[in-house]
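First up is the structure itself, then whatever we jot down about it.
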Amino acid sequence: MNVHVMTTRFGAVEIDDDRIIEMPDGMAGFTEQRFILLSPDNNGRFFWLQSVDNPELAFVVTDPTAFAPGYEVTLTPDEYDRLGLDPESAEVILLTVTTISRETGEYTINLLGPIVVNPAKMTAKQIVLENGKYEIRYPLFTSPAPEPSRKKEEVRPAAASLRKITTIYSKL
Amino acid sequence: MLVLTRKVGEEIYIGDRICIKVIEITGSKVRLGIDAPASLRIYREEVLAKVKDENRFAAEWELADFRRAVEQISKDSRE
């Protein structure tokens, strides 16, 4: 069944409700529990993790293994349960939250708090890793950052933006 | 919250697999030893607070920021 998700950045997004990702524990510091993954055209690396219930709340996420070679997350039995994962045949998707530094405009990813998605059940959980091995601000790019701009953009009308957005559910 | 008083060297059990021992007290600092199954995540409260802060900060992206990131990544991959 199709549902309409209101967003401040993309207007109304129409999406099949089986593409909604349940995060019972939410993102750390936030209470929202349902998200969708959106991907603009011509872009394979970054996705928007958009809240279904809060139009303003969206994170930019990316696959950490593409940037941090050897990056690994070991899940605890409790986390397997929480995600509804079968320990014998678990397939997960790792995502990390991407941040822009206010001071330098540099892009970093949070390797300390990855998001683990179970695509089979469409559940996800943000994990806080405790071992001190990974950085909370791991630099994303090797080339110098462009000029930062913090000005608010106009939200594009829904009809136009709908065509520009596809979900990556098929890749999940 | 359950509040217990312990001396140096004394322990607290949480269930039968988690043991917390007071190792040392110096001024306002307490050193604790923790025995717990490896399957449990144990971290200082500040770590969780850091991740919460970073999430809040990360939720401030605008579309223009995203576009620049996409441009930069294609530049990076050409180099």
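The values are calculated or read from the model by the stated rules, or taken from the named source; none is laboratory data. The structure displayed is predicted, hence computed values, not measured ones. Cβ atoms come from the backbone with ideal geometry, glycine included; neighbour counts cover every protein chain shown. Surface areas here come from the heavy atoms of the whole protein model, side chains and all, with no ligands, DNA or RNA. Shrake-Rupley method; radii C 1.70, N 1.55, O 1.52, S 1.80 Å.
Look at residue B:54 and say whether it is more than 8 Å from chain A (Cβ to nearest Cβ), of a type outside the set (Ser, Thr, Tyr) and in a helix (DSSP H, G or I).
When the stated conditions are applied, residue B:54 does not pass them.
If I ask for residues that are assigned to a helix (DSSP H, G or I) and either surrounded by fewer than 17 Cβ atoms within 10 Å (Cβ to Cβ) or among the hydroxyl-bearing types (Ser, Thr, Tyr) (or both), which ones from region A:78-95 would you list?
A:78, A:80, A:81
Does residue A:51 qualify as being within 14 Å of another protein chain (Cβ to nearest Cβ), buried (at least 16 other Cβ atoms within 10 Å of the Cβ) and touching a Leu at 6+ places or on another chain (Cβ under 6 Å)? Lay out the reasoning, then the answer.
Working: within 14 Å of another protein chain (Cβ to nearest Cβ): yes; buried (at least 16 other Cβ atoms within 10 Å of the Cβ): yes; touching a Leu at 6+ places or on another chain (Cβ under 6 Å): yes.
Here the answer is yes, as residue A:51 does meet what is asked.
Considering only region A:1-22, state which residues are within 12 Å of chain B (Cβ to nearest Cβ) and either under 19 Å from residue A:94 (Cβ atoms) or at pLDDT 95 or above (or both).
None - no residue of region A:1-22 is within 12 Å of chain B (Cβ to nearest Cβ) and either under 19 Å from residue A:94 (Cβ atoms) or at pLDDT 95 or above (or both), so the list stays empty.
Do the conditions hold for residue B:5, that is, is it open to solvent by less than 90 Å² (accessible area, probe 1.4 Å) and more than 7 Å from chain A (Cβ to nearest Cβ)?
Spelling it out, it is not the case that residue B:5 is open to solvent by less than 90 Å² (accessible area, probe 1.4 Å) and more than 7 Å from chain A (Cβ to nearest Cβ).
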